[in-house]
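Written out below as structure tokens is the structure these notes cover.
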Amino acid sequence: MTLNFSKRTAWDLRETAWARELGRIRASGAKLFDLTASNPTHCGFRYEPAAVLSPLVSPRALGYSPDPRGSIAARQAVCRYYAAHDVETDPANLLLTTGSSEAYSFLFRLLADPGDEILIAQPGYPLFDFLAQLDDVHLAPYELFYDPGWDHAWQIDFDGLRRRLRASEAAARRPRAILVVHPNNPTGHLTPKAERENLQELCREHGLALIVDEVFLDYGFGAPAESFAADRHDVLTFVLSGVSKIAALPQMKVAWIAAFGPGPAREEALARLEVIADTFLSVNAAADGALPAWLDGRHALQRQIRERTARNLAALDAMLQPKPNAPAEAGAVTRLHLQAGWYAVLHVPAILPDEENALALLTGHGVAVHPGSFFGFPQPGRLVVSLLAPEEEFTGGISRLLEYFS
């Protein structure tokens, strides 16, 4: 008898040639310049064990008194975090989750029936494809386009977004929400005020919710980034974040949803989210109890990360600057504009498709970079590098990358 599995998990799980080669190099112990690093706990930052672990040792964690929204103390700590961004929030409008992936899943289930659409910016992080498929919703991409001559080099293609909405509605596919990552991963751009207002107008016009992922909000390269939570909320808006990036603790798996918008819609959404959360009761008592201490202690790790990413970005720009009397091809690699985050996008000669360039860098030069196609860049000649890597490893990898393209 043949066992039948769900169509929603019918993924092609075969490794790409790049992934196979990366696994082989790591297993062999050979020298690797890893410019794909996204896990801060593996990048040599200084963690204070007592500061991270001692908040977990609480007698309160020995009892089981679950609150589907998370304890009031934990939610008040999140409110203090937003207060540091000059935003007033109410703990009653917050709900804790086990990581941002679960937060997305809760919102997809809240807003969409099977087959409904969530509109999402492209390029973007590919995890959303799996989350949407698991929750039986369809992702409809809208384009971000790039022009370094503008004040904000990255722009939402609002004409394309409106066309996408009209086409979805005409085909009865029921768009339910627009999803924004602010700052975007991997482009590192922030959504400016005018675009935030346009998004609110579109959502109001089409009866959509707005979902905003702000996990990289604290890692800007200039003036502090403004949260969507600070906006006037004419439509139902959900702002997501968590300790994975804010406190550089991805292993602790605590995130939250902050709900904003017109009172009746917000209250109805929170009541329904509470039932969803109560069905799973995912956040464990120890992590819930530790959240205030982790958020209060976030500054030391954030400072280390901001200092390293700034140094790596400065080193990258210096290395990309053509030297006097250098051949023309020496300036063939350039960096796209970014404002925040942990990544930089490189514009490289499209001598091969991005995946083949990434594989050639890996096999011939021992440098791991992400091909732009991994993030959905529609045009060739894009590679993505992490700014988290230790500085010597980062500059060594960039040096070899430049040798390859010159």
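How many residues are part of a helix (DSSP H, G or I) and among the small types (Gly, Ala, Ser) if we restrict to region 82-130?
Going through region 82-130 one residue at a time, the tally reaches 7.
Any residue at all in region 265-286 that's open to solvent by less than 10 Å² (accessible area, probe 1.4 Å), in contact with a Leu (Cβ under 6 Å, 6 or more places away or on another chain) and assigned to a strand (DSSP E or B)?
Scanning region 265-286 turns up no residue that is open to solvent by less than 10 Å² (accessible area, probe 1.4 Å), in contact with a Leu (Cβ under 6 Å, 6 or more places away or on another chain) and assigned to a strand (DSSP E or B).
Would you please list the contacts, defined by Cβ atoms under 6 Å and residues six or more apart or on different chains, that run from a residue in region 204-218 that is charged (D, E, K, R) to a residue that is at pLDDT below 95 and open to solvent by 10 Å² or more (accessible area, probe 1.4 Å)?
204/234
Given the criteria at pLDDT below 95, closer than 21 Å to residue 40 by Cβ and assigned to a loop (DSSP other than H, G, I, E, B), does residue 225 qualify?
Working: at pLDDT below 95: yes; closer than 21 Å to residue 40 by Cβ: yes; assigned to a loop (DSSP other than H, G, I, E, B): yes.
So residue 225 fits the description; yes.
Which one is farthest from residue 41 (Cα to Cα), of the residues in region 228-264 that are buried (at least 18 other Cβ atoms within 10 Å of the Cβ) and among the charged types (D, E, K, R)?
So, considering only residues that are buried (at least 18 other Cβ atoms within 10 Å of the Cβ) and among the charged types (D, E, K, R), the one farthest from residue 41 (Cα to Cα) is 231.
Being in contact with a strand residue (DSSP E or B) (Cβ under 9 Å, 6 or more places away or on another chain), in contact (Cβ under 8 Å) with a residue 60 or more places away in the chain and open to solvent by 20 Å² or more (accessible area, probe 1.4 Å) is the filter here; which residues of region 77-106 pass it?
Selection gives 89, 93, 98, 100, 102.
State the number of residues belonging to region 284-320 that are of a type in the set (Asp, Glu) and in contact with a helix residue (DSSP H, G or I) (Cβ under 9 Å, 6 or more places away or on another chain).
Residues that pass the stated criteria total 2.
Go through region 11-32 and give me each residue that's assigned to a loop (DSSP other than H, G, I, E, B) and either surrounded by 10 or more Cβ atoms within 10 Å (Cβ to Cβ) or under 25 Å from the mean Cα position of the chain (by Cα) (or both).
Matches in region 11-32: 11, 12, 13, 14, 15, 16, 32.
Confirm whether residue 313 is surrounded by fewer than 20 Cβ atoms within 10 Å (Cβ to Cβ), modelled with pLDDT of 95 or more, touching a strand residue (DSSP E or B) at 6+ places or on another chain (Cβ under 8 Å) and of a type in the set (A, V, I, L, M, F, W, C).
Yes, satisfied.
From the list 147, 135, which residue is modelled with pLDDT of 90 or more and either more than 21 Å from the chain's Cα centre (by Cα) or more than 22 Å from residue 337 (Cα to Cα) (or both)?
135
I need the full set of residues from region 348-366 which are closer than 25 Å to residue 189 by Cβ and either touching a Gly at 6+ places or on another chain (Cβ under 6 Å) or part of a loop (DSSP other than H, G, I, E, B) (or both), in order please.
If the condition is that a residue be closer than 25 Å to residue 189 by Cβ and either touching a Gly at 6+ places or on another chain (Cβ under 6 Å) or part of a loop (DSSP other than H, G, I, E, B) (or both), then 348, 349, 350, 353, 354 are the ones that fit.
Which is surrounded by fewer than 17 Cβ atoms within 10 Å (Cβ to Cβ), in contact with a helix residue (DSSP H, G or I) (Cβ under 7 Å, 6 or more places away or on another chain) and either not aliphatic (A, V, I, L, M) or not in a helix (DSSP H, G or I) (or both), of 136, 159, 151?
Just a single option satisfies the conditions, and that option is 136.
Within region 388-406, can you find the residues that are assigned to a helix (DSSP H, G or I) and polar (S, T, N, Q)?
Correct list: 395, 399.
Out of (1) under 24 Å from residue 259 (Cα atoms); (2) assigned to a helix (DSSP H, G or I), the odd one out for residue 184 is which?
(2)
The values are calculated or read from the model by the stated rules, or taken from the named source; none is laboratory data. Predicted model, so just to flag it, every value in this text is computed and none were measured. Because the Cβ atoms are built from the backbone with ideal geometry, glycine has one as well, and the counts that use them run over all protein chains shown. The accessibility values were calculated without ligands, DNA or RNA, using every heavy atom of the protein model including side chains. Shrake-Rupley method; radii C 1.70, N 1.55, O 1.52, S 1.80 Å.
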